[in-house]
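> First the structure, then my questions, so here it is.
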Amino acid sequence: MKSLIRAANPLPAPKTEQKSDGLSDRARAELAALVEAPTPPAAPRRLPRRGLLVAAGACTAAAVVVGVAAAVLSGQYEPSGGVMADEPFYSSAAELEEAADLIVLARLGAGREETVDGIDRTTATAAVAATAKGADPGRTVEVSY
């Protein structure tokens, strides 16, 4: 134990007190060459075949999704059959008010379920309290949603 503690001393002993570490000159030179030698670069890592197949499948799926989205957004693709609905988008309430033909303050009554042209909807009668825009519709209006 005493020899280990002396060997771990960070302050070298004076030359007169230095003891041999038990290595020959040749062993010391070989050890120094091993410690100072640069490590060879690691070989490039190869992907396993399964990894390549998974990556190729993911890329193909992404390409298909992008292609379908581009076709739909460019207007080249329209679904066959069924009913197309016109659902405009307004970025502000002012834009919506400008586009509206009629704006009323009303209390919505009980609704009833209907199916018209294969589309389910709810129709309710609303009691009109005030008209903000458009011709006065009378005391009630029919609202479908």
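The values are calculated or read from the model by the stated rules, or taken from the named source; none is laboratory data. Owing to the predicted nature of the structure, the values given are computational and were not obtained by experimental measurement. When we count neighbours, we look across all protein chains shown, and the Cβ atoms used for this are built from the backbone with ideal geometry, even at glycine. Accessible surface is based on the protein model in full, side chains and every heavy atom, while ligands, DNA and RNA are left aside. Shrake-Rupley method; radii C 1.70, N 1.55, O 1.52, S 1.80 Å.
> Tell me which of these Val68 doesn't satisfy, since it passes every other one: (1) at pLDDT 85 or above; (2) touching a Phe, Trp or Tyr at 6+ places or on another chain (Cβ under 9 Å); (3) of a type outside the set (Gly, Ala, Ser).
Unmet condition: (1).
> What single numbered condition from (1) in a helix (DSSP H, G or I); (2) at pLDDT below 65 fails to hold for Gln76?
Looking at each condition in turn, Gln76 falls short on (1).
> Could you give me the residue pairs with C-beta distances under 6 Å whose first residue belongs to the stretch 117-138 and is without any contact (Cβ under 8 Å) to a residue 40 or more places away in the chain, whose second residue is of a type in the set (Phe, Trp, Tyr) and open to solvent by 50 Å² or more (accessible area, probe 1.4 Å) wherever it lies, and which are 6+ apart or on separate chains?
Hits for this filter: Thr122/Tyr145.
> Let me ask another. Which of the residues that make up the stretch 110-134 are among the small types (Gly, Ala, Ser), over 24 Å from Ala93 (Cα atoms) and either in contact with a His (Cβ under 6 Å, 6 or more places away or on another chain) or exposed (fewer than 12 other Cβ atoms within 10 Å of the Cβ) (or both)?
The answer is Ala110, Gly118.
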